[in-house]
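Chemist: Okay, handing you the structure first.
Readers should treat all values here as calculations from the given coordinates under stated rules, not as data from a laboratory. Bear in mind the structure is a predicted one, so any value in this text is a computation, not a measurement. Cβ placement follows ideal geometry from the backbone for every residue including glycine, while neighbour counts extend to all protein chains displayed.
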Amino acid sequence: MEIIILPTAVEVGRMAAAKIASVVSRKPSAVIGLATGSSPQDIYADLARRVQGGEISFAQARGFALDEYVGIPLEHPESYASVIARDVVGPLGFDPARVRVPDGRAADLEFAAKEYDAAIRAAGGIDVQILGIGANGHIGFNEPTSSFASRTRIKTLAPATRAANARFFDSVEEVPMHCMTQGLGTILEARELVLVAQGEGKATAVAGAVEGPVSSFVPGSALQLHEHATVIVDEAAAAQLQLADYYRHVFANKPAWQRFDATPAR
Ligand code: F6R
């Protein structure tokens with residue numbers, strides 16, 4: 001696992017965006033796994049600038065969202081279908097027909113979840129999966145004790161997750177109780193994982209995911225099982241990493257052939 005510690009949240013977004021951009025430059029038809037929430041917002045903003053500058057294009061790319069609330073109307077501004085359309089598909093210039101979000105309104109949710117996994121496979125698998133992490137260590141909506149073998153399925157949100165996401169709704173009661181999320185097994189099949197975290201509220205989760213034992217108690221620790229995972233965090237989110245100085249040393253001495261261009265888009 002590569003751990004990159006940067007001074008600010010904006011730099012975290014820029015660095016992660018550079019990684020995504022390098023994948024799409026090499027493979028314009030790349031399949032991108034799309035997280036929602038606050039964490040990836042700076043990534044999408046930087047990618048949008050790169051698209052506007054003509055550096056990259058998502059016109060041929062495909063996208064699969066990580067998760068969706070169950071039962072939320074499609075047109076609700078906080079359905080992840082709405083969020084992905086507003087924050088990702090439009091600004092990055094994806095073809096809307098090539099981007100999917102789990103169907104949290106399906107009459108047969110179990111079937112819809114299985115079909116979502118099948119659609120990811122049929123698309124050739126995810127080339128690069130963007131991830132945030134919850135303060136309780138969840139990735140996607142795989143709450144603590146989710147199986148590392150889990151596939152896309154229905155989960156019950158932890159009270160802490162509903163409380164954290166209440167900021168997007170008028171009250172915590174309005175946050176749906178259930179969600180459909182890619183499983184940890186699904187996420188681990190992506191060819192590359194890029195997890196971003198910002199702020200001190202994520203420091204415990206980041207330390208658990210990166211340095212803690214591999215345990216379903218901290219679902220983010222599943223990244224330790226992946227051969228190509230990068231964790232990009234700001235100083236506040238890195239605060240509890242025991243080997244922070246070593247990660248800085250590794251990054252400062254990265255061989256030229258391993259570097260990628262994180263030059264800010266104009
Ligand atoms: C979002 C997702 C979640 C969030 C996590 C952090 O699609 O799957 O795992 O990444 O809850 O949320 P934020 O970024 O809002 O702090």
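Chemist: Kindly provide the helix-only [θ] at 222 nm of the chain, computed as the sum of -39,500 (n - 2.57) over DSSP H runs of four or more divided by all residues, to the nearest 500 deg cm²/dmol?
Modeler: Calculated mean residue ellipticity at 222 nm is -8500 deg cm²/dmol.
Chemist: So if each residue of separation counts as 0.36 nm, and I subtract the Cα-Cα distance between Ser215 and Gln240, what length gain in nm does that give? Before the final figure, lay out each step's value.
Modeler: Details: separation 25, 0.36 × 25 = 9.00 nm, distance 1.80 nm.
Length gained, Ser215 through Gln240: 7.2 nm.
Chemist: Sticking with this structure for a sec: I need the calculated FRET efficiency for the pair Gln52 and Ala123, taking r as the beta carbon distance and R₀ as 25 Å, to the nearest 0.05.
Modeler: Details: r = 26 Å, r/R0 = 1.05.
FRET efficiency, Gln52 to Ala123: 0.45.
Chemist: Could you work out the longest stretch of the chain that avoids the chymotrypsin sites (Phe, Trp or Tyr not before Pro) located in DSSP loops with at most 14 other Cβ atoms within 10 Å?
Modeler: Numbers: sites that count: Phe217, Phe260.
Counting only loop sites that pass the neighbour cut-off, the longest clear stretch is 1-216.
Chemist: What list do you get for Val194, Val10 if you sort them by fewest beta carbons within 10 Å?
Modeler: On the way: Val194 26, Val10 15.
The most exposed by this proxy come first: Val10, Val194.
Chemist: Rounded to the nearest 0.05, what FRET efficiency do Ser171 and Val10 have when you use their Cβ-Cβ distance and R0 = 35 Å? Let's see the in-between values first.
Modeler: Numbers: r = 31 Å, r/R0 = 0.88.
Working from the Cβ atoms, E equals 0.70.
Chemist: Please give the residues of the stretch 104-120, grouped as numeric ranges, whose backbone N is less than 19 Å from a label point set 7 Å along the Cα-to-Cβ vector of Thr156.
Modeler: 109-110
Chemist: Something else: The stretch 144-217 to the stretch 43-75: how many Å between their Cα centroids?
Modeler: 20
Chemist: On alpha carbon coordinates alone, what is the Rg over Rh value for the stretch 2-254, Rh being the Kirkwood radius?
Modeler: In the stretch 2-254, Rg relative to Rh is 0.94.
Chemist: Follow-up question, since we're still on this one. With a 10 Å Cβ neighbour count serving as the proxy for reagent exposure, in which order, fewest first, do Arg26, Arg153, Arg100 appear? Working shown, then result.
Modeler: Working: Arg26 9, Arg153 22, Arg100 19.
Arranged by neighbour count, lowest to highest, Arg26, Arg153, Arg100 become Arg26, Arg100, Arg153.
Chemist: Could you count how many Lys pairs in the chain have their Cα atoms under 23 Å apart, skipping same-chain pairs fewer than 8 positions apart? Display every interim value, and only then the final one.
Modeler: Numbers: Lys19/Lys27; Lys19/Lys202; Lys19/Lys254; Lys114/Lys155; Lys155/Lys202.
So the count of such lysine pairs works out to 5.
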